[in-house]
Structure formats: C-alpha cells, structure tokens
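Working notes for the structure below.
What follows draws every value from the coordinates through simple rules; no lab data is involved. The structure displayed is predicted, hence computed values, not measured ones. Cβ: placed from backbone, ideal geometry, glycine included. Neighbour counts: every protein chain shown.
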Amino acid sequence: MHPLNHSRRRSPRDVPARRRPRSRPARRARAVLAVLLGLTLGVTGLAACSGGDTSAHSIRIGIKFDQPGMGLKDGSEYTGFDVDMGRAIAAKLGYQEDEIVWVEAVSAQRETMLRNGQVDMVIGTYSITDARREKITFAGPYFIAGQDLLVRSDSDISGPDDMDGHILCSVEGSTSAQTIRDNYSTGTLQLFPVRSYSQCVEFLAAGTVDAVTTDNIILAGFAAQDNYTGKVQVVGNAFSEEHYGVGLPQGNPDRCLAVNQAITDIIAEGTWSRLLQDNVGTAFDPDATLNPPTVDDSLCE
C-alpha cells in the first residue's frame with residue numbers, strides 16, 4: 001500500500017464550513033448532568049429495549065458490521081474504532097458495556113433508523129452534511145477522514161482524474177462515487193453500487209470493478225486484511241475532507257451536547273489516540289493537521 005498523501009483538492013461536497021467551533025463547556029456540563037440525573041431517576045433516555053434479553057436500561061448503537069478497523073462483527077464480537085468510540089461515549093453517559101445493543105446500520109438506512117427510533121445513535125463512518133442534518137442531528141466531529149480510492153496492486157489508476165472508462169464501486173446511500181462522477185469524470189465513468197463495502201472489495205479483487213471509493217481510513221482497513229495483502233492498495237491521494245459525526249435523533253440539543261462533552265473528554269484523556277492506534281494504527285496514518293478534531297457545539301442547535 002502506498003503511503004497516504006495528505007495534499008488534496010477540496011471536493012465541493014456538502015460538508016460543514018471549516019471554522020473554529022464554538023465551545024459551550026458550561027452548557028455541555030449541564031447537559032451531561034441532566035443525562036446522568038435521568039439515568040439515576042430510572043429514565044431510559046437514549047434507549048429503550050431492543051428485543052432479546054436487553055435490560056430496561058440500555059442503549060442501541062448503530063454501527064457498520066463489515067468495515068475492518070472501524071466496525072466489524074465477527075460472531076458475537078464487535079471490533080473497530082467506531083465500536084470502541086461507541087463504548088467510550090456510552091460509558092461517559094452512564095451505560096455499562098453489557099447495556100449496549102449493537103445494531104447494523106448500513107449507509108442507506110442510517111437516517112431512517114434514527115428517525116424511526118430503531119437506534120439511539122449511529123457511529124458508523126457517518127459524514128456530517130447539511131442534507132443529512134435536515135433529517136437528524138450530529139454530535140462531533142470525532143474524526144476527519146479524506147476520500148480516496150482502493151485499486152488492484154497492478155492498477156495504473158493514481159487518482160479520481162483517471163477513472164473515466166472504468167467501473168467504480170461504492171455503497172448505496174453514500175455520496176462518494178457520485179462526487180467523482182460529478183467533479184472528475186467527463187461522462188464515461190460507470191458506477192457500480194452495492195450494499196456494503198466488503199462486497200465492493202470482493203468485486204475489486206475478482207476484477208469485476210476497477211476501483212472502490214470511500215474514506216481513506218475505511219479503505220486502509222480492508223487493504224490491511226490478510227486475504228487482500230498484496231492484491232489491493234490505497235492510492236494515497238485523498239481529495240476531500242469527511243467529518244465523521246455521531247448521528248442522533250433530532251429534538252434533544254442537551255443530549256447532543258452531552259455526547260460532544262464525552263468526545264472532548266475521550267480526546268483529552270488520551271483514549272481517542274489509543275483506540276485509533278489499537279484499531280488502524282499499523283495500516284493508516286491520519287492527517288495530524290486535522291486530527292484529533294475539536295467538536296462543534298453549533299451542530300447541536
């Protein structure tokens with residue numbers, strides 16, 4: 001895998017303007033106290049029971065089940081940076097690990113799941129965009145990634161400008177492939193949407209598609225898997241910034257601020273760096289000029 005190149009051309013994707021976030025530590029503190037008081041009084045708050053033998057006090061967190069290094073389900077085990085961030089945030093909000101119910105949240109269904117009450121939060125490489133904010137609330141960001149390409153090791157594709165005449169795979173509900181077609185293609189790029197990134201990478205290795213696009217940290221996790229070593233590689237030419245947020249239902253700004261305070265504490269305590277290193281440290285070098293990020297309390301308004 002080539003080393004990542006942090007120089008990039010900004011894609012005019014629908015991401016929040018880069019400005020110094022407004023901090024409201026006092027309001028965040030009150031929000032956290034309100035959440036904890038609710039827990040003490042027996043209010044379920046963020047979550048309700050979700051089938052099985054879950055307790056009355058539980059939290060349902062939507063994650064990806066098929067993204068190595070970020071969100072992966074293997075039998076009854078859940079691993080990845082997003083999963084560990086979910087555990088850490090839940091702990092800050094007063095939940096024990098056995099009170100977390102993990103729910104698969106595929107890209108095309110995330111807003112629907114939050115709006116319908118199927119999950120209480122989504123932590124699944126979920127880019128903050130204005131279009132999504134019309135339907136849900138975001139806390140964060142908790143990580144800033146960049147869009148890139150995964151190609152076969154013998155490919156001559158070196159960036160999005162080389163994609164004309166090729167087949168590009170991405171998942172349904174993601175804007176990554178459309179960004180390349182809108183901003184880098186002259187019209188001969190063919191899009192190949194599927195349900196999951198793991199399917200995309202399988203098609204790439206088999207020669208069905210020519211490239212997979214999504215965020216660099218996700219692609220690096222796949223490239224580091226034993227079954228793909230030497231077969232695929234990240235191009236290393238990131239061309240956007242993707243601000244990952246924690247998706248929440250609309251209508252509860254105090255809950256959002258409490259999650260922001262949890263993220264801030266996780267970063268300040270050094271937990272964020274440790275979790276990132278534990279999950280993708282050997283396969284990915286994040287942009288130190290952007291990470292760890294500062295949460296934006298104005299997202300909660």
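The table for this structure:
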item: Phe138 part of a strand (DSSP E or B) and either of a type in the set (A, V, I, L, M) or in contact (Cβ under 8 Å) with a residue 24 or more places away in the chain (or both); result: yes
item: Candidate set: the stretch 164-193, residues that are within 18 Å of the chain's Cα centre (by Cα) and of a type in the set (Val, Ile, Thr); chosen: the one surrounded by the most Cβ atoms within 10 Å (Cβ to Cβ); result: Val171
